[in-house]
Amino acid sequence: MGRPPKVQQTLMTMPAEAPARDIARIPLSPDFGWRWAASLIASVAMVFVLAYAVGLAVFVGVGVWGINVPFVWGFDLTNYVWWIGLANGCSLFAAILVLRRHSLRTAINRFAEGLALFAVVCAGVFPIIHLGRPWLFYWMFPYPAEFQVWPQFRSPLTWDFWAIITHLMVTTMLWYVGLIPDLATLRDRARSVAAKRVFAVFALGWRSSIRHWAFHQRAYRLVAIAVIPLVLVIQSTIAFEFAVTLVPDWHETRLPLHFIVSGLESGLALILFAAAALRTSLRLERYIDDEDMDLIGKLLLANALVSAYVYAGEIGVALFADDFAQTAALNRMLGDYASLYWGTIALSVIVPQVLWLRNVRLNDGLSLLVGLAVTAGIWLDRLSLVVAGIQRDYLPSMWRTYSPTAPEWYLFLGSIGLIAALFLLFVRYLPVISMSETRHDEHLESRS
Amino acid sequence: MAKNRALPVDAYIRDRPELAGPHSNANDLRLWRSLEEAGECTKVRRILQAENSAPANPGSFDRRAMLNFMTASLALGGLAGCAVNRQPFGAPLLSQPFRSPQHTPGVPLFFATSLELDGLGRGVLVKSHDGRPVKIEGNPQHPASLGATDVFSQAEVLSLYDPDRSKHPIAGGERRSWTDARQLIAQLRQQFLAKKGRGLRILLQPCASPTRDRLIRLVRQAFPEARWHAYSPLPDDQGRAATRAVFARPLDQVFALDRADVILTLGGDLLGSGPGHVRYAADYADRRRAADRSPPVLYTVETTPSLTGARADRRLAAAPREIEHFARQILIHLEMGAPATPDQLSVARRAAEDLARAGPHALVAAGREQPVTVQAIAHALNSRLGAIGTTVRYIEPLFAGSGEMETLTELASAIAAGDVEALLILGGNPVYDAPTDIEFAKMLGSVPLSIHVGTYRDETGLACRWHLPARHPLESWGDLRAFDGTVGLRQPATVPLIEATTPEELLGELAGEAADARELVQATWRAEWGADFDARWITSLEQGLIEGSGEVTVPVQPGDWSPPPATRSPPAEGQTVVFAPDPSVWDGRFANNAWLQELPKPLSKQVWGNAAFMAPADASALGLRGGDIAVFRHNGRSIEAPVWPLPGHAQNAVTVTLGYGRTAAGKIGNSRGFDAYRLRTSQEPWIIENVDVLSTGRRERLVTTQHHHSMEGRDIVRVVAPGAASASSSVSPPPSFYPDFVYDGNAWGMTIDLDVCLGCNACVIACQAENNVPVVGPEEVARGREMHWLRIDRYYSGHPNSPQTYFQPVPCMHCEKAPCELVCPVNATVHSSEGLNEMTYSRCVGTRTCSNNCPYKVRRFNWFDYSRLPFAATDDVFNPEVTVRWRGIMEKCTYCVQRISATRIAARIENRPIRDGELMTACQQACPTRAIVFGDINDPASLVRKQKQDPRNYALLGELNTQPRTTYLARISDGPSAQGAADAHDDAG
């Protein structure tokens, strides 16, 4: 027995929660309402659209998109960068909750982790299918090939590859470590021997001893701590894909900061959106209560203010940049694609200012809209960077335009359908709040 | 590149006397194209049976022989796959080059031959890989080439394999056999022999071929009452009328630009198109490079911006009438010796003074579209300046050999009068390109028997009763005079891909001569050379030309010609329309050539179509934007054409290019652009005044490869004053984190001299042909996905009415610190030990990051499997030494790495270093002005090293520290010529 008193203390210090018994009723109830079914059907239909778009890219070629030279990247990288930002924002939020042992934790943690994972899944689609020959994506991996060809370790895309792998591993770890007690429960309740054995393997011999709980808490917090630098590193690495190039508007040291700030903002906005959606559709007001919403709203507002600072700084940098960079940056703000830039400013900086009002923060409908607006605004930011950022580079003879094609929209909407479908299935078939936490809370409840 | 020597087919047989059969004598060397054919000769059969019994005569098989044969078949399967065996007749198992004594499989052969354009020859070397012509280079010995080519010769190799070529004789829409066709010709001959040819009409395109001329004379003898007509859509009648006016006889002129100090061109495009332009461009570039003389001054007065105008030191945009006014002013200046206008600064005055100062070293050249008066003034000016004999000489008319020809108009009226029983159209496409007032298509329908011979069943082929497929020039024998009269021989570079005939063979059949084109050519020259024939024939085939055959200079005495008084015709209402051949499809004959269709036109950078060019000021005055479809109406005729405001175009004038709007060109050329011939009449073939221009309100998307035309004040194309210190920027590049590479052996580099680059596109299409660059089609180009490895950027500066035009060819820069290399995650683009930036196709996964990081944007991505899409070329035309790229990978200029390898191998076999100049990239080889120099920058004696030490040498975007291996030599200019053009405008206007 390691330090049971401390663990006990840890558990004891957790604030008492409202009775959580109802949570179990939601995934267990046979009927989930027509809205859920309709949403699921719609989102699964969009997943099919995604499959079609992916099929086009793989079997016909990435030429089905509107990209060209110099716009070699279009929606593919835009979506990727956007989804990674969302995933990072959600992960960071979940990790902070774990570390802070905040009251929000029980309520939002699991679905924040879930969203983070699903966003990574969505993001993971793009780096692979955006390749000209997607079936060879594994060549990024430094495996011992016969000709001893290794990846180019100076390439930001190689760094990015490792960033994605690390991100996937850490996000999965965070999820998995949190799941271990629940997996043990599933093992104990499994009816077939095979299922029992499978769960037994993944439950890692969990016996719910105090010692186990102690280790579990430590591991959980350790992974959560790892998430915090990780998301910063990942957003920076994504930014390096642009900042390391010679493209005048991309070759900027401010870009990593820009990505961290706006990526986390989009993640918080997604959390706000999802929390508001859960509250309205699943009537979980008691578990994601007003104070939680208030807090998320404030966080998002704070982040939007930091974003405003970053955007202001960008204008300042552009005005003092050399000729190439200045032309390029001003073109992004005032040229053919200015609407993207100003859309970003409006949606991700101006709109969140309504969160100054407590009434708005507590209004689920408005929170939903603000969350959606900020998420969309950051998407425009990514598109503005990927497309408008490269429009005015060095040789004017190659100054051209890009416009997306239908398959690119399919890809974008399909990936939204994918995360929606995953999330809808998640809320239906898994407890939105962890079983172990619930039981713990029930203990506390019964004791009190 | 092993054997750079021209190799005539006949040399094979000469070198193996045992192949000459008993019926062969020295004068009757038979070329065999297949084993079957060769087998007719008993000795050959014996040799073949001894060497290779089974394939020649398989006989019946026993089991063991069967197995042996199957094994051999499997082993030889690959070889047979390489052989040309798609002919419907006598398909040989092993095509002839495999069995050629001097042929090593895998090593290309070069055939010297001549290609025709506007009836004149251009000498080329055809590179043939295992029996397949894959690339055309210029013939260094030929005066019209000097080793360089124009875009059309480069593209001929694609036309050879065009799947839309006519394949069978067709009568009344039904496929007929060649037996039927020959019977038809025999009947025709019998029928008209009796009538001495009365009722027989023969329509030809003018062609300066001694053999054809001889055959025409023979047919004339046999059918004295047959009538002959010549028609060319790009006639030079006005030019001959001008010499007749000035010198009292028709003459052709040849320029010597290397001797010219001051050049004045009136219309036309002396350096960019037309007869001899490749040679003229080379001479002009040599003259510019001459270190001991001050640079030549080029004045250009023109309506349509041309390559000559883009290069000119002083350019004046003038409507057609103003050009005549200008020419008269020059003449007055020279005659009076005093200013005729008070405007002391006028271009006319300055030009006249410069011309007078240059005296015999001046040159005045008028375009063929100019009216007789302007062309005659040009002759008179040359004569007055004493230039005749130095910069210009006169030769006998090149097309005179075929005797007097009647016009197409006369043919039409004869048909209308019912005088035509049979019409033989030997080449050309008059149904498409005849002037509208003749209504030739309608006329043709009323001819009882019409026979068309052509490589395509085009508009004329469809309208005629009979159509006979003609051989492609690369499959046929013949001879052609060049612009200066030099005769080049034409020999096949491949076995015929299609069973077809040639106009010469048909004429031979009519004349009753043996119908083998080779024998017809030999007969011409045997008569000429007599006993020397055998020796000279082989030498001439090897060299591709007949030495000393250049037309002798005709001494001329200008008569008392003075220009007719200027007619004070009422000022033109509306616009003046000028017709011009298209820089891509010429008169329409290349409409089905996908390489040419996708070749960005030098100035507009438009592809896959044509447009009506007009001055930007005119366009805005008419309320038209680029792409607006306007209707051009004159005398009840009208065409609809999208408008293209072209900077530098003369005001009050519109240029429409011919050659588009084809309906029966083939799947590449049909329904592209508009047909400008519909506005053209036989009276006004070049210039029509008083044309109404009205907007239709509709728009068309014009496809172009360049959307932005200003350098934005950036240091992209640099211009220095003559003798200026340095063009390289004073900003030192930032330091690099990485150590420099060390090159012990060769280090390849390139310089491109922007002072002599004319923007003619020869390099672009040569690169396409050499490197299997795919054609992607108009939709893909519109999306910005053209694949050319080498593009020519065209920038304007100055006022849109009189801009300065700059060209800059941009291949891969092969940067020493290549930005693309370090961002590729899979190491697919890497640095070679000789400094090339190499692309490993099989390693590429297609992230496209390299393109993002390339500041020059020279990388091209295979968005689709372009080698399988509708615009793809047939496999035959592919250079077997270059990988055909597949979907999803990046590609770019390789500095023709396959040529480097071939040269390196050849040098190692001989145990010597690679010599400077031995190795040429495709773009370099095609360049008429030799603006591109490639070589080893480690070699202190190499030309490219010397060029890089030139003060004019600079690196494009050098401040990025990419350290490009491709550098540019700045353009030399003594001042903004836009200024000169601007103040001159008032003068002419």
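Select from segment B:418-440 the residues that are under 25 Å from B:Thr455 (Cα atoms) and acidic (Asp, Glu) and write down the one among them that is modelled with the lowest pLDDT.
So the first thing to find is which residues in segment B:418-440 are under 25 Å from B:Thr455 (Cα atoms), and the list is B:420-436, B:438-440.
After this cut, where a residue has to be acidic (Asp, Glu) as well, the list is B:421, B:433, B:439.
Numbers: B:Glu421: 94, B:Asp433: 94, B:Glu439: 90.
This residue is B:Glu439.
Can you name the residue in segment B:769-788 that is out of contact with any helix residue (DSSP H, G or I) (no Cβ under 9 Å at 6 or more places or on another chain) and not acidic (Asp, Glu) and is also least open to solvent (accessible area, probe 1.4 Å) among such residues? Here the answer is B:Val781.
Taken over segment A:145-163, the criterion of being open to solvent by 20 Å² or more (accessible area, probe 1.4 Å), facing chain B (nearest Cβ under 10 Å) and closer than 28 Å to A:Ala53 by Cβ is satisfied by A:Trp159, A:Phe161. When B:Arg915 is tested against (1) within 12 Å of chain A (Cβ to nearest Cβ); (2) surrounded by fewer than 23 Cβ atoms within 10 Å (Cβ to Cβ); (3) without any contact (Cβ under 8 Å) to a residue 24 or more places away in the chain, exactly one condition is not met: (1).
Select from segment B:877-898 the residues that are within 13 Å of chain A (Cβ to nearest Cβ) and more than 17 Å from B:Cys824 (Cα to Cα) and write down the one among them that is least open to solvent (accessible area, probe 1.4 Å).
First, the residues of segment B:877-898 that are within 13 Å of chain A (Cβ to nearest Cβ): B:885-892.
Retained after the next criterion (residues that are more than 17 Å from B:Cys824 (Cα to Cα)): B:885-887.
Numbers: B:Arg885: 11, B:Trp886: 82, B:Arg887: 38 Å².
Ranking the qualifying residues of segment B:877-898, first place goes to B:Arg885.
I'd like to check which helices (runs of 4 or more DSSP H) are fully inside segment B:399-445 and have at least 3 residues that are in contact (Cβ under 8 Å) with a residue 40 or more places away in the chain. So the answer is B:408-416, B:430-433. Does A:Trp175 fit the bill of being over 18 Å from A:Ile419 (Cβ atoms), aromatic (Phe, Trp, Tyr) and either within 13 Å of chain B (Cβ to nearest Cβ) or in contact (Cβ under 8 Å) with a residue 12 or more places away in the chain (or both)? It is false that A:Trp175 is over 18 Å from A:Ile419 (Cβ atoms), aromatic (Phe, Trp, Tyr) and either within 13 Å of chain B (Cβ to nearest Cβ) or in contact (Cβ under 8 Å) with a residue 12 or more places away in the chain (or both).
Considered as a group, the residues in segment B:946-962 that are among the polar types (S, T, N, Q) and more than 13 Å from chain A (Cβ to nearest Cβ) include one that is farthest from B:Ser732 (Cα to Cα), and that residue is B:Gln947.
Look at A:Leu115 and say whether it is open to solvent by less than 20 Å² (accessible area, probe 1.4 Å), modelled with pLDDT under 85 and away from chain B (no Cβ under 14 Å). Answer is no for this residue. Take the residues in segment B:802-843 that are within 7 Å of chain A (Cβ to nearest Cβ) and either open to solvent by less than 10 Å² (accessible area, probe 1.4 Å) or of a type in the set (Val, Ile, Thr) (or both), then tell me which one is farthest from B:Gly958 (Cα to Cα). Once the filter is applied, the top-ranked residue is B:Val826. You will find that of B:Thr300, B:Thr304, B:Thr308, B:Thr373, the residue that is closer than 25 Å to B:Val578 by Cβ and either part of a loop (DSSP other than H, G, I, E, B) or aromatic (Phe, Trp, Tyr) (or both) is B:Thr304 and no other.
Where residues in segment B:626-635 are touching a Pro at 6+ places or on another chain (Cβ under 8 Å) and part of a loop (DSSP other than H, G, I, E, B), which of them is farthest from B:Arg315 (Cα to Cα)?
Of all residues in segment B:626-635, those touching a Pro at 6+ places or on another chain (Cβ under 8 Å) come to B:626-630.
Retained after the next criterion (residues that are part of a loop (DSSP other than H, G, I, E, B)): B:626-627.
Numbers: B:Gly626: 24, B:Gly627: 27 Å.
The qualifying residue farthest from B:Arg315 (Cα to Cα) is B:Gly627.
The lone criterion from (1) open to solvent by 10 Å² or more (accessible area, probe 1.4 Å); (2) within 11 Å of another protein chain (Cβ to nearest Cβ); (3) within 19 Å of B:Cys854 (Cα to Cα); (4) out of contact with any strand residue (DSSP E or B) (no Cβ under 6 Å at 6 or more places or on another chain) left unmet by B:Arg791 is number (4). When segment B:844-876 is limited to residues that are among the aromatic types (Phe, Trp, Tyr) and in a loop (DSSP other than H, G, I, E, B), the one that is farthest from the other protein chains (Cβ to nearest Cβ) turns out to be B:Phe871. In the condition set (1) hydrophobic (A, V, I, L, M, F, W, C); (2) at pLDDT 90 or above; (3) within 31 Å of the chain's Cα centre (by Cα), B:Ile415 is compliant with all but (3).
Only one of the numbered conditions (1) modelled with pLDDT of 85 or more; (2) over 18 Å from B:Cys824 (Cα atoms); (3) not in a helix (DSSP H, G or I) is not met by A:His102, and that is (1).
Put simply, of A:Arg254, A:Arg211, A:Arg187 the only residue that is over 19 Å from the mean Cα position of the chain (by Cα) and open to solvent by 60 Å² or more (accessible area, probe 1.4 Å) is A:Arg211. Among the residues making up segment B:938-967, those that are over 19 Å from B:Gln924 (Cα atoms) and in a helix (DSSP H, G or I) are B:Gly958, B:Glu959, B:Leu960. Can you tell me which residues in segment A:127-144 are open to solvent by 30 Å² or more (accessible area, probe 1.4 Å) and either facing chain B (nearest Cβ under 8 Å) or in contact with a Phe, Trp or Tyr (Cβ under 8 Å, 6 or more places away or on another chain) (or both)? Residues satisfying the conditions are A:Ile128, A:Phe137, A:Trp139, A:Phe141, A:Pro142.
Scanning segment A:45-71 for residues that are without any contact (Cβ under 8 Å) to a residue 60 or more places away in the chain and facing chain B (nearest Cβ under 8 Å) yields a count of 2. Scanning segment A:235-253 for residues that are over 24 Å from B:Tyr856 (Cβ atoms) and either within 8 Å of another protein chain (Cβ to nearest Cβ) or of a type in the set (A, V, I, L, M) (or both) yields A:Ile238, A:Ala239.
Taking segment A:304-336, which residues are hydroxyl-bearing (Ser, Thr, Tyr) and either farther than 15 Å from A:Arg382 by Cα or surrounded by 22 or more Cβ atoms within 10 Å (Cβ to Cβ) (or both)? Steps first, answer last, please.
Kept after step one, since they are hydroxyl-bearing (Ser, Thr, Tyr), are these residues of segment A:304-336: A:307, A:309, A:311, A:327.
The answer is A:Ser307, A:Tyr309, A:Thr327.
As a summary of the residue check, B:Arg714 satisfies the conditions (1) within 23 Å of B:Leu790 (Cα to Cα); (2) touching a residue at least 60 places away in the same chain (Cβ under 8 Å) except for the one numbered (2).
Table: residues versus (1) in contact with a helix residue (DSSP H, G or I) (Cβ under 8 Å, 6 or more places away or on another chain); (2) open to solvent by 10 Å² or more (accessible area, probe 1.4 Å); (3) modelled with pLDDT of 85 or more.
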| position | (1), (2), (3) |
| --- | --- |
| B:Arg536 | yes, yes, yes |
| B:Ser540 | yes, no, yes |
| B:Ile546 | yes, no, yes |
| B:Glu551 | no, yes, no |
| B:Val554 | no, yes, yes |
| B:Ser569 | no, yes, no |
| B:Ala572 | yes, yes, no |
| B:Ala580 | no, yes, yes |
| B:Ala591 | yes, no, yes |
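Would you confirm, using the coordinates I've provided, whether A:Ala275 is of a type in the set (Gly, Ala, Ser) and either more than 14 Å from chain B (Cβ to nearest Cβ) or open to solvent by less than 10 Å² (accessible area, probe 1.4 Å) (or both)? Yes: the conditions hold for A:Ala275. Can you tell me which residues in segment A:387-411 are open to solvent by less than 10 Å² (accessible area, probe 1.4 Å) and closer than 14 Å to A:Ser339 by Cα? Of everything in segment A:387-411, those that are open to solvent by less than 10 Å² (accessible area, probe 1.4 Å) and closer than 14 Å to A:Ser339 by Cα turn out to be A:Val387, A:Ala388, A:Gly389.
The values are calculated or read from the model by the stated rules, or taken from the named source; none is laboratory data. Everything numeric here is computed off the predicted structure, so don't read it as measured data. Here the Cβ is made from the backbone with ideal geometry for all residues, glycine too, and neighbour counts use every protein chain on show. Just the protein is used for accessible areas: all its heavy atoms, side chains included, with ligands, DNA and RNA removed. Shrake-Rupley method; radii C 1.70, N 1.55, O 1.52, S 1.80 Å.
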